[in-house]
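Working notes, structure below.
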Amino acid sequence: MNINIFSRMPKSDYSGGRYLTWAIAEALSLKGNNVTLYTDNTPIFSTDFKASPGHKKINIIEEFPPSSRLVLNSGDILFVTPHLTKEKLFYLKCVRIALKSKAKLVVLNFETPNMIKELSPFPKNPKLWRGTKYLAKYASTVLSISALGNQYAVKYFENGPRFNYVYPGVNSFAIKPNIQKDPSNKRILIFARFHDKHKGGDDILDLLSKRLSGYEIRIMVGCGYVPTQLLDKLLDKASSSKINLKFIYRVN
């Protein structure tokens with residue numbers, strides 16, 4: 001099967017949604033599909049999957065957004081990872097290419113405005129989803145990354161496409177099977193994102209207390225940096241609680 005993926009990719013950062021998109025491309029290639037990724041950059045995390053037998057078979061075309069003159073094969077799948085923007089040009093091109101090619105359109109969904117409004121104290125502008133909502137009207141499937149997200153997607157995108165969900169997997173080729181668990185190991189690894197408030201990065205401050213005295217806590221930051229004001233608070237609280245706090249940026 002020919003599967004074409006349209007997705008922006010960061011050049012020098014880690015992004016959870018883009019990382020998932022790459023992992024999906026790897027999985028589809030591993031299963032014997034012909035996978036072509038149209039993107040603006042080959043990201044730094046692509047090498048995380050070099051051990052996968054399907055890795056070198058992924059065809060990367062650095063053209064984003066793809067030209068609306070692009071014609072896919074009839075019956076191909078066009079898999080789109082949306083990005084938040086008020087501009088609709090990219091989404092208009094996706095629909096045009098899918099309809100002209102008679103390709104099936106699949107849209108990846110991370111979260112919807114109704115989900116954020118109900119569950120998060122940090123609202124986002126619903127207009128950022130205008131393009132995604134337009135895209136969903138023509139989609140065969142809206143694929144959410146969780147069962148909960150799927151419930152909100154059904155309500156938000158209404159009665160257009162088919163809805164389904166699949167939880168993000170792990171890079172099984174990078175897992176070391178011989179790691180030994182050490183019950184005396186007093187280390188904690190936290191993955192955090194700070195420039196999107198609803199991601200909960202600020203909540204780490206509440207976790208630091210004397211109960212964790214003697215622990216080493218490493219905070220892995222894949223995108224952006226820790227805001228200066230929050231960083232000072234984290235370091236002060238860690239020091240008073242006798243916690244060894246370290247920050248790691250963009251680790252493969």
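The values are calculated or read from the model by the stated rules, or taken from the named source; none is laboratory data. Only a predicted model underlies this, so the values are computations on that prediction, with no experimental measurement involved. Please note: Cβ atoms are built from the backbone with ideal geometry, for glycine as well, and neighbour counts cover all protein chains shown. These accessible areas exclude ligands, DNA and RNA; they are computed on the full protein's heavy atoms, side chains included. Shrake-Rupley method; radii C 1.70, N 1.55, O 1.52, S 1.80 Å.
Applying 1/(1 + (r/R0)^6) with R0 = 25 Å to the Cβ-Cβ distance of K155 and H83, what FRET efficiency is obtained, to the nearest 0.05?
Once rounded, the FRET efficiency stands at 0.70.
I need the calculated FRET efficiency for the pair D202 and A51, taking r as the beta carbon distance and R₀ as 41 Å, to the nearest 0.05.
That pair, D202 with A51, gives E of 0.70.
For region 37-85, I need the span (max minus min coordinate) of the C-alpha atoms along each principal axis, in Å, sorted largest to smallest.
That gives 34, 29, 16 Å along the principal axes, largest extent first.
Which one, Y19, Y167, Y152, has the greatest fluctuation when you compute a Gaussian network model over the chain with C-alpha springs under 10 angstrom?
Comparing Y19, Y167, Y152 in the GNM, the peak value goes to Y167.
Tell me, what is the 1.4 Å probe accessible area of F191, in Å² to the nearest 10?
150
Amide H neighbours of G222 under 5 Å, at least 5 residues apart or on other chains, H built in the peptide plane: list them.
Answer set, sorted by chain and number: A192, R250.
Which whole-percent values make up P(r) of the chain when all C-alpha to C-alpha distances are grouped in 10 Å steps starting at zero?
Result, from short to long distances: 7, 26, 31, 23, 10, 3, 0 percent.
Using a 1.4 Å probe, what is the accessible area per residue for the chain, in Å²?
57
For the full complex of protein chains and a 1.4 angstrom probe, list R69, R218 by accessible area with the highest value first.
R69, R218
Note the full-extension length gain between F247 and F173 as 0.36 nm times their separation in residues minus their Cα-Cα distance, in nm to one decimal.
Full-extension gain reported as 24.1 nm.
Which of S140, S68, S213 moves most in a GNM of the chain, Cα contacts under 10 Å?
Checking each option, the largest mean-square fluctuation is seen for S213.
Running a GNM on the chain with Cα contacts under 10 Å, which residue among G54, G75, G222 ends up with the highest mean-square fluctuation?
Ranking G54, G75, G222 by mean-square fluctuation puts G75 first.
Mind giving me the nanometre distance, one decimal, between the label points for N164 and K104, set 7 Å out from Cα along Cα→Cβ?
0.7
Name the long-range amide H neighbours of N109: under 5 Å, sequence gap of 5 or more, or other chain; modelled H, no Pro or chain starts.
Residues meeting the amide H criterion: L143, S144, I145.
Which value, in nm² and rounded to one decimal, describes the direction-averaged projected area of the C-alpha convex hull of region 1-71?
Over every viewing direction, the Cα hull of region 1-71 projects on average to 4.5 nm².
For the chain, what does -39500 (n - 2.57) per DSSP helix run (n ≥ 4), summed and divided by total residues, give at 222 nm, in deg cm²/dmol to the nearest 500? Please list the in-between numbers first.
Details: 7 runs with 70 residues, N = 252.
Here the helix-only value at 222 nm equals -8000 deg cm²/dmol.
Tell me, what ³J(HN,Hα) does each residue in region 32-43 have, in order and in whole Hz, if you take phi through Karplus 6.51 cos²θ - 1.76 cosθ + 1.60 with θ = phi - 60° and put x for Gly and Pro?
Taking θ as phi minus 60°, the curve returns x, 7, 8, 10, 10, 10, 9, 8, 8, 9, 8, x Hz for region 32-43.
Can you pull out the GluC sites (Glu not before Pro) in region 1-109 that DSSP calls coil and that have at most 16 other Cβ atoms within 10 Å? Intermediate results must be reported in sequence, preceding the final value.
Values: sites: E26, E62, E63, E87; in loops: E63, E87.
Within region 1-109, the qualifying GluC sites (Glu not before Pro) (loop, at most 16 other Cβ atoms within 10 Å) are E63, E87.
Quick one: if the Förster radius is 35 Å, what FRET efficiency do L230 and M1 give, using the C-beta to C-beta distance and rounding to 0.05?
The value I calculate is 0.15.
Carbon and sulfur together cover what percent of the accessible area of the chain at a 1.4 Å probe radius?
Accessible surface attributable to carbon and sulfur in the chain totals 53 percent.
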